[in-house]
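Heads up: the structure comes next, in structure tokens.
The values are calculated or read from the model by the stated rules, or taken from the named source; none is laboratory data. Please read these numbers as outputs of a predicted model, since none were measured by experiment. A quick note on method: Cβ atoms are made from the backbone with ideal geometry, for glycine too, and the neighbour counts reach across all protein chains shown. Just so you know, the surface numbers come from the protein's heavy atoms only, side chains and all, with ligands and any DNA or RNA stripped out. Shrake-Rupley method; radii C 1.70, N 1.55, O 1.52, S 1.80 Å.
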Amino acid sequence: MIGTLYGVGVGPGDPELMTVKAFRRLKEAAVIAYPKKQRGSKSYAQQIVEAYFSPAEKEMLGLVFLMTKDVNVLAEKWSETVDAIWEQLRIGKDVAFVTEGDPLLYSTFIHLMRMMQERYPDARIEVVPGVSSVNAAAARLQLPLADGDEHVAIIPACDDYETMKKAIEDHDCVVFIKVAKVIDTMIHLLRELNLLQNAAVVTKVTSNEEIIWNVEQLEGAELEYLTLMVVRK
């Protein structure tokens, strides 16, 4: 019998925010697959999982996801990744692919799931939702995302000034992910809208490396990739 591919959200950073179901799927799966960094350092999802499972007791499958825009290179690497998982599934092993946050919210698993469905239609897939960094940030900051009829948006931050401005103007609350590379643009925008005091920025929320920043001192700062900004009017 063909095994099942589980897309498992392991939460935003704190291992205790992994759901009971996620833990059970990881415990029962023959293989835990995780995004692997090329340079050898542990991926964020891998660190969360290793609070409970070690390579000594569980078969671990590290999969490299290249950071490149070369379409041909990406296609080849993605094919290799899907094939590697299928090799486990076709011999009856269940594979739990872990991702920080939620598997269907700006996650590597989304593309993996689509490619698996295209290349191997017989593959069985199940998704286990997880606590996202968006929810975790709201909890840590004690900042409601939406109440009553309010509108909330989750938007990848970019250097398109007018697009970011419109997002803030059109919503009561906006969570900007991937904000690190455009932090100066965002601070300039917040100053223009007189909303600097309404913004909060947090890196690696709920993890033991969490940092809640003083937004007014962030101009020119170099932030880690896993940084988001919440703007609530």
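If only residues of segment 2-26 that are among the β-branched types (Val, Ile, Thr) and open to solvent by less than 20 Å² (accessible area, probe 1.4 Å) are counted, the one that is farthest from Val98 (Cα to Cα) is Thr4. Sub-7 Å Cβ pairs linking a first residue in segment 123-148 that is closer than 19 Å to Tyr44 by Cβ to a second residue that is part of a helix (DSSP H, G or I) and open to solvent by less than 30 Å² (accessible area, probe 1.4 Å), at least 6 apart or interchain, are Val128/Ala22; Gly130/Ala22, ordered by first then second residue. Regarding Glu210, is this residue under 30 Å from Val98 (Cα atoms), open to solvent by 20 Å² or more (accessible area, probe 1.4 Å), acidic (Asp, Glu) and under 16 Å from the mean Cα position of the chain (by Cα)? Here the answer is yes, as Glu210 does meet what is asked. Of the residues making up segment 196-207, not one is of a type in the set (Lys, Arg) and open to solvent by less than 20 Å² (accessible area, probe 1.4 Å).
Any residue at all in segment 27-34 that is of a type in the set (D, E, K, R), farther than 18 Å from Met116 by Cβ and surrounded by fewer than 16 Cβ atoms within 10 Å (Cβ to Cβ)?
Initially, segment 27-34 is screened for residues of a type in the set (D, E, K, R), giving 27-28.
Next, from what is left, pick out any that are farther than 18 Å from Met116 by Cβ: 27-28.
Those still in the list that are surrounded by fewer than 16 Cβ atoms within 10 Å (Cβ to Cβ) too: 27-28.
Yes; the residues of segment 27-34 include at least one that is of a type in the set (D, E, K, R), farther than 18 Å from Met116 by Cβ and surrounded by fewer than 16 Cβ atoms within 10 Å (Cβ to Cβ).
Among the residues making up segment 219-233, a single one is part of a loop (DSSP other than H, G, I, E, B) and surrounded by 20 or more Cβ atoms within 10 Å (Cβ to Cβ): Leu226. Figure legend. Inter-residue proximity from segment 78-97: first residues touching a residue at least 60 places away in the same chain (Cβ under 8 Å), second residues surrounded by fewer than 17 Cβ atoms within 10 Å (Cβ to Cβ) and assigned to a helix (DSSP H, G or I), beta-carbon distance below 8 Å, spacing 6+ or different chains. Indicated pairs: Asp94/Glu28.
I need the full set of residues from segment 161-186 which are closer than 25 Å to Gln217 by Cβ, free of Cβ contacts under 8 Å to residues at least 40 places away in the same chain and charged (D, E, K, R), in order please. Spell out how you get there, then give the answer.
First, pick out the residues of segment 161-186 that are closer than 25 Å to Gln217 by Cβ: 161, 164-165, 167-168, 173-186.
Retained after the next criterion (residues that are free of Cβ contacts under 8 Å to residues at least 40 places away in the same chain): 161, 164-165, 167, 181-182, 184-185.
Within segment 161-186, Lys165, Lys181, Asp184 meet the criteria.
For Arg39, the test of being basic (Lys, Arg), out of contact with any Leu (no Cβ under 8 Å at 6 or more places or on another chain) and either closer than 17 Å to Arg114 by Cα or at pLDDT 95 or above (or both) is failed.
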